[in-house]
Amino acid sequence: MVASIDVKALNIFVNQPVSQNMIHKLVVTTLQVLPCSDDKDGKTAHSGKPLPSLMTFINKLVRYTNVYTGTLMTTLVYLDKLKHKLPKNAQGLPCTRHRIFLSCLILASKFHNDCSPKNVHWAKYTDGLFSLKDVNLMERQLLYLLNWNMRVSNDEMCTQLASFLQPIKEDLVKSSKMRKYLAKQHAAAAASASTSTSPRSASVSPSPSISRSSSTTSHLSLHNPHATHTRQNSSVSVASTNSVMSHYRQDSCSSIESLSPRASMTKSNSYNDKLSREVDPRIEMAARNEEQELSRMISQIYRQAA
């Protein structure tokens, strides 16, 4: 059973912009699904186009589709389910991991959104790496392997996103403690104010020379002498309540949009305009080297387990 704080942290997380840490988590999880043969010639099996690294491939899909964080991270659950469904001796081609991630993202988008791109658009988002026929085939294969079970529970999401939710939960706990502390301070101030003003109100009578306006002011200040202090505490409480959400929602420094030279891109951009941006070769080389190192480590683990 998922705790309420986990659900709150999950709701905050899915409203964040897509970050590079999320992309890295997707890359590592995809690499762990199954071992694949090395891409010696740098070409795909069918289209003959250069096979980009998983990091670049996922970055482009995120930019082209403006996918929501919740939909994107749902692919982690599908990848984990697929990993346990595949035979232990399964072996893939160099482009198999790209196919696996793309099919998981397509199904997550179609199942969890009322409006999703069609397969012909998904094929275009791959920059010609996969054809419409390839996209249709990989979608049917994944549905068959998962037995058409596309439901994702909060428990599964919290398990896959534990590393992202932990700091959010810590901030929620701190915010809750702050609200309780402010409530105690407010209650103590109200109690001390009532005890200090009650005998004065019984012995002091208003002077006949006091005007109506000053009498009203005196009456308000008598019964609420700490009104300004109360308003300040209330504003601090509201600020502490919203601090966790605003902190993670406004964290745009690590958003995936900062990777693009045009960070203000919206869904109204044309497809041709999106394709005009090229990936920095140094970033692509670093991503490819990191994936090769991770792939070698995963292969060693598979061999030792066998």
- Message: Filter K81/K169; K60/K81; K25/K169; K25/K83; K110/K133; K8/K85 down to the pairs with a C-alpha to C-alpha distance above 22 Å, please.
- Response: K81/K169; K60/K81; K8/K85
- Note on the structure: Taking 106-117, 78-89 and ranking on average Cβ neighbours within 10 Å, highest first, one gets 106-117, 78-89
- Message: Give me a comma-separated list of calculated 3J(HN,Hα) values for the stretch 165-180, in order, Karplus coefficients 6.51, -1.76, 1.60 applied at θ = phi - 60°, integers in Hz, x for any Gly or Pro.
- Response: 7, 4, x, 5, 5, 5, 5, 5, 5, 4, 5, 5, 5, 5, 5, 5
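Sorted by packing (mean other beta-carbon atoms within 10 Å per residue), highest first, where do 52-64, 141-153 land?
Result, highest mean Cβ count within 10 Å first: 52-64, 141-153.
Relative to the present Cα-Cα distance, how much length would full extension add between Q141 and A90 at 0.36 nm per residue of separation?
On the way: separation 51, 0.36 × 51 = 18.36 nm, distance 1.47 nm.
Separation in residues times 0.36 nm, less the Cα-Cα distance, equals 16.9 nm.
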- Message: For the pair M178/R151, report the inter-label distance in nm, with labels modelled 7 Å from Cα in the Cβ direction.
- Response: 3.9 nm
- Long-range amide H partners of G92, meaning residues 5 or more apart or on another chain whose placed amide H is closer than 5 Å, are C36, S37
- Highest mean first, what order results for 128-136, 176-184 on Cβ atoms within 10 Å? 128-136, 176-184
- Note on the structure: Calc'd 3J(HN,Hα), the stretch 96-104, phi into Karplus 6.51 cos²θ - 1.76 cosθ + 1.60 (θ = phi - 60°), Hz, glycine/Pro = x, comes to 5, 5, 5, 5, 4, 5, 4, 5, 5
- Message: Amide H of V18 versus every other amide H placed in the peptide plane: which residues, excluding those fewer than 5 positions away on the same chain, fall under 5 Å?
- Response: I256
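Only the coordinates and a few stated rules stand behind these numbers; no lab work does. Owing to the predicted nature of the structure, the values given are computational and were not obtained by experimental measurement. Because the Cβ atoms are built from the backbone with ideal geometry, glycine has one as well, and the counts that use them run over all protein chains shown.
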